[in-house]
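First comes the structure, then the notes that go with it.
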Amino acid sequence: MGQSIIKLPGPIYIAGASTVVGHEEFAGPLGEYFDFHDPKDDTFGMDTWEKAESEMQRMAVGSLLGRSKLKDGDIAALFSGDLLNQCTGSAYGLLSYNIPFFGLYGACSTAAEGLCLGSLYAATVGGRVISAVSSHYCSAERQFRYPMEYGGQRPPTAQWTVTGAAAFLLSDQRESYYPRDVENECLPRITEVMPGISVDRGISDANNMGAAMAPAALDTLMRYFSESGLSPDAFDLIVTGDLGAEGSSILCDFARAAGLDIAAVHTDCGNMIYDAAATDKHAGGSGCGCSAVVTAGYLLHEMRAGRLRDILFLGTGALMSPMSVQQGQSIPGIAHLVRITTA
Amino acid sequence: MHTDSENYKKYVNARAKKSPLAKDCLRAFLVGGAICTGAQGLLALYKGWGMEKDDAAALVSVTLVFLTALLTGIGVFDNIAKFAGAGTLVPITGFANAVSAPAIDTKGEGFVLGVGAKIFSIAGPVILYGITAGTLYGVIYWIINTFF
């Protein structure tokens, strides 16, 4: 039972969303879809990168509450995660809100994990839930790679952590708190979720996380399509986040070999957020914030405008730590699936 | 479908785009060579000012370390290194950057637990094994000179 598609008892509406990004993400192809950015240096007025990341989460949730004119007491729970040790980006960032809080860690899959758990919570407990995530290039570099000013080169398969935070407002009631930027708004809702299962195919190269995560994405997709009986072309988009260029191409190859042709409808948040060739981002974006801001900013806008009607969002994460990599352990991947529809 | 880990690793390694070796080597040669040529010029300059050769050579190293730390501090060195690769890594500039970058990066955690504890987080292995190798070499040198 637990390994099946979970059909929510009623639709959970994504009643609002808010995004905060760094200056490079704002300068990227999707820049116009993001709500707030730091025009200067991505410090968001803070004196450490960790505080900057927390501030981004605080801003994302704060602007969502501000725009919807909802009070802390109107929100049943906050689900939030980030890449920092012990999830302090979320814990400190959301400290000022008087809302029950669950900290999540799913690496780059956290946005989808938060949407899964948040929608299940809203569907069972009832009311409104906020799911938020963040990642910051500088705090992630410090934690997972080298000091900021260290001079080095990275291989072509490496991905670039996105500076971005997003918050989604989930509600069991049909209500909308988006800016009035589209006519005849179609309200996106979550109807099904499918939790991911960790898959480890033995990849131990932290500079090729796309390859570590692709098998997990394949596993979730194969389970979803074999159980639902649907075919990929039933969807406007199957969007993974963030396999990057390398992982996306592995996923499409393997899916085709397994008899599931997704190439025509597949896209990946890591490939969308930067002009990778022009800005030297190698295999594309990654980090919790990547799939979160692309979904909250761009994909939901396209759904509300009626240009996308039914999508599968797969948040993919590489569940390693710097220590597990140093100790030579291979990198397990995970992929949580959320079906978002306006149809 | 490659289900087994060994096959999957082989497949992934075979398809992963490699770093452009020829381009990286050429850039490393040009930038590294330029640094060494510049250092040679400095040596000539310092000797021209009347310094002994050993003193002048030491001052050249100090100058390169200072310039690297300065460029690291103003956020320029990592951009040069991204272009140059081993060209900036191999000369003493790489070592100076590996020490100054963590020093800047960890000041948020304080001067003891941050800068003090983590300043050698990258250069530490070089220092430890460099000194160990130097000591061993010294002992062997002493044995050979004393007994043979």
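Laboratory data are not the source of any read-out in this text; all were calculated from the coordinates shown. Keep in mind that this is a model prediction, so the values were computed, not measured. Positions of Cβ are generated from backbone atoms using ideal geometry, with glycine treated the same way; all protein chains shown enter the neighbour counts.
Quick notes on this one:
- Principal axis extents of the Cα atoms in region A:189-341, from largest to smallest and rounded to whole angstrom, are 47, 37, 24.
- DSSP bridge orientation in the protein assembly as shown - percent antiparallel, rounded to nearest 5: 60
- Percent of C-alpha pairs per 20 Å bin, the protein assembly as shown, short to long: 22, 50, 22, 6, 0
- Cut-off 12 Å between beta-carbons: net charge of the residues surrounding A:G106, Lys and Arg +1, Asp and Glu -1: -2
- Counting Cβ atoms of other protein chains within 10 Å of each Cβ in B:94-101 and taking the mean gives 3.
- Chain A, dipole about Cα centre (Lys/Arg Cβ +1, Asp/Glu Cβ -1), debye to the nearest 20: 720
- As a calculated quantity, the FRET efficiency between A:A277 and B:D54 at R0 = 35 Å, using C-beta atoms, amounts to about 0.10.
- Within straight-line cross-link reach of A:K51, aspartates and glutamates at Cα separation under 15 Å, skipping those fewer than 8 residues along the same chain: A:D38, A:D41, A:D42, A:D82, A:E141, B:D105, B:E109
- Gap separating the Cα centres of region A:125-199 and region A:274-330, nearest whole Å: 8
- Mean Cα-pair separation over length for chain B, i.e. relative contact order, pairs under 8 Å, 6 or more apart, %: 20
- The phi torsions of region B:120-127, fed into the Karplus equation with coefficients 6.51, -1.76 and 1.60 and a -60° offset, translate into couplings of 9, 5, 9, 7, x, x, 5, 5 Hz, rounded to whole numbers, with Gly and Pro shown as x.
- Long-range amide H partners of A:H37 with built H, under 5 Å: A:V21
- Other residues within the sphere of radius under 11 Å centred on the Cβ of A:R339, judged by their own Cβ, net out at 0 (K and R +1, D and E -1).
- 5 Å binning of all Cα-Cα separations within region A:13-139, expressed as whole percents from 0 upward: 2, 12, 21, 24, 21, 13, 6, 1, 0
- Note on region A:238-343: dipole from Cβ charges, positive end direction compared against A:L300, A:I334, A:G284; the farthest Cα belongs to A:L300.
- Taking every C-alpha pair closer than 8 Å and separated by at least 6 residues, the mean separation divided by the residue count of region A:215-301 gives a relative contact order of 29 percent.
- Cα centroids of region B:37-62 and region A:11-63: 50 Å apart.
- Each stretch of four or more DSSP H residues adds -39500 (n - 2.57); spread over every residue of chain A, this sum gives -9000 deg cm²/dmol at 222 nm.
- Inter-chain Cβ neighbour count for B:4-17, averaged per residue, equals 5 (cutoff 10 Å, partner chain atoms only).
- DSSP-assigned coil residues among trypsin sites (Lys or Arg not before Pro) in region A:1-82, each with at most 10 further Cβ atoms within 10 Å: A:K40, A:K69, A:K71
- Rg and Dmax over the alpha-carbon atoms of region B:23-147 stand at 17.4, 54 Å.
- Charge context of A:Y121, other residues only, Cβ under 13 angstrom, K/R +1, D/E -1: -1
- At q = 0.11 Å⁻¹, base-10 log of I(q)/I(0) for region A:97-179 (Debye sum, equal scatterers on each alpha carbon): -0.43
- Region A:189-341 - charge dipole about Cα centre, Lys and Arg +1 at Cβ, Asp and Glu -1, debye rounded to 20: 320
- Peptide A:43-52 - average C-beta neighbours from other chains (10 Å radius): 1
- Once C-alpha pairs closer than 8 Å and six or more residues apart are averaged by separation and normalised to the residue number of chain A, the relative contact order reads 25 percent.
- With Cα atoms, 0 to 90° folded angle of helix B:53-73 axis to chain B main axis: 40
- Kyte-Doolittle mean at least 0.0 and Cα axial length at least 24 Å: DSSP H helices in chain A: A:209-228
- Selected from A:F144, A:F79, A:F26 as most flexible by GNM, with chain A as the system and alpha-carbon contacts under 10 Å: A:F144
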